[in-house]
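To start, the structure under review is shown below, and the notes come after it.
The values are calculated or read from the model by the stated rules, or taken from the named source; none is laboratory data. As the structure is a prediction and not an experimental result, all values here were calculated from the model. We place every Cβ from the backbone using ideal geometry, glycine too, and count neighbours over all the protein chains shown.
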Amino acid sequence: MGSLFLIGAADHYFCKMLKIGEKIQIENAVVLAPMEDVTDQPFRRICRENGADIVYTEFVPSEAIIRDAGKSAKKMQFSEEERPVSIQIYGNQVEVMVEAAKRAEALGPDFLDINYGCPAKKIAGRGAGSGLLCYPDLMETITRQIVDSLKIPVTAKTRIGWDAASISIVETTRRLEQQGIKALTIHGRTKAQMFEGQADWDWIGKAKASAGIPIIGNGDITTPEFAREVFLKTGVDGLMIGRGAYGNPWIFSRTKHYLNTGILLPEPELEEKVTVMLRHLRYAIEFKGQHGLVSFRKHYPNYLKGFPNAAKLRASIVILNTYDSIAQTVTDFLGIKSVA
Ligand SMILES: Cc1cc2nc3c(=O)[nH]c(=O)nc-3n(C[C@H](O)[C@H](O)[C@H](O)COP(=O)(O)O)c2cc1C
């Protein structure tokens, strides 16, 4: 369990330790959320370099892992620079989940995370992801059997309940803790909310108050100030950021700096942002080849938001098909010195 203590007179200096198993111990942890089609290896790497303390793969279907589907194998690949890294899996068949968890463990992640939070119809509607909130006994069985089958720590990620009338997070936390998970991430929305409304940090705080395991709080963190507010208010052991990292990987270093010192760093200068964007693009090409150029297009609007003539710049780079031509065009357009 983490502990909260104040150092010095000012209350903005505080230190909270996130422990996952024996090996992971991180002060004021701010971690990258798993996000399908977003947190691929290049995205995780750029977030780690910019301060994310832990990264997770996108969720991987357990059935596909045991079928040995190529796409799933690619999703589970990670590089050493990413550590600590977790592979996240989902499903609702006990034996399939256990076998998939063992195969994921064989790839050497620092821990395994089970998804009990996905609200998508094709997953929750079939009783996996957040669908398991309606079958808590099955959720317990899957969790227990995976915990007993692996040597690495097992964690889980969930939502506060199925809908507003059935908020179950305190009970879910108790049940999962009893099955031996080493930490629980809570996204403060119900399944019914999908991504609407606001994350309810009060429920995250109530779950934390009742828990004997570390709790990582998640939902709507887009600024260091909000991160600090919910960290202090709920006493959680770590924070997780998802959409707030889109085109903004330095949110991790800025947030950590603010939590550690109480000093709010400014946003990076335009040139620094471009440097990070181009490095992320390079990683995408390294990892995916030419397809990396195409899949990276979704990131340009996020990185270039607020830049002068951003739409024009975007239009001129999405048609280019080499890293060098993109880097040259961006630096010429913005009148900055060329970046590596
Ligand atoms: C595009 C997208 C894909 C997501 N995929 C996953 C996933 O694979 N596994 C998971 O546990 N949560 C997934 N989530 C949920 C996020 O991990 C996170 O809980 C949610 O976005 C709330 O955090 P945020 O407000 O910081 O974005 C996804 C969210 C988004 C927006």
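Couple of notes before you dig in:
- When the range 132-146 is filtered for residues that are more than 14 Å from D113 (Cα to Cα) and either touching a residue at least 40 places away in the same chain (Cβ under 8 Å) or outside the structural domain of Y116 (by TED's automatic domain parsing) (or both), the ones remaining, listed by number, are L132, L133, Y135, L138, T141.
- Residue list for the range 289-328, filter: over 23 Å from E267 (Cα atoms) and polar (S, T, N, Q): Q290, S295, S316, N321, T322, S325, Q328
- Test for S295: is it among the hydroxyl-bearing types (S, T, Y), part of a helix (DSSP H, G or I) and over 23 Å from R48 (Cα atoms): no
- Wholly within the range 49-164, helices (runs of 4 or more DSSP H) carrying at least 1 residues that are of a type in the set (V, I, T) and more than 13 Å from the ligand (Cβ to nearest atom): 62-67, 94-106, 136-149
- Taking each residue of the range 211-226 that is on the phi < 0 side of the Ramachandran plot and looking for partners that are among the acidic types (D, E) with beta-carbon atoms closer than 6 Å, six or more apart or interchain, yields G212/E177; I213/E177; P214/D237; I215/D237.
- Subset of the range 220-243 (residues that are within 16 Å of the ligand (Cβ to nearest atom) and surrounded by fewer than 18 Cβ atoms within 10 Å (Cβ to Cβ)): T222, T223, E225, F226, E229, R243
- Yes/no for I263 being surrounded by 14 or more Cβ atoms within 10 Å (Cβ to Cβ) and of a type in the set (A, V, I, L, M, F, W, C): no
- Close pairs from the range 189-208: first within 12 Å of the ligand (Cβ to nearest atom), partner among the β-branched types (V, I, T) and assigned to a loop (DSSP other than H, G, I, E, B), Cβ under 7 Å, at least 6 apart: I204/V236
- Any hit, the range 28-47, residues being of a type outside the set (A, V, I, L, M, F, W, C), surrounded by fewer than 21 Cβ atoms within 10 Å (Cβ to Cβ), more than 16 Å from the ligand (Cβ to nearest atom) and closer than 21 Å to K298 by Cα: no
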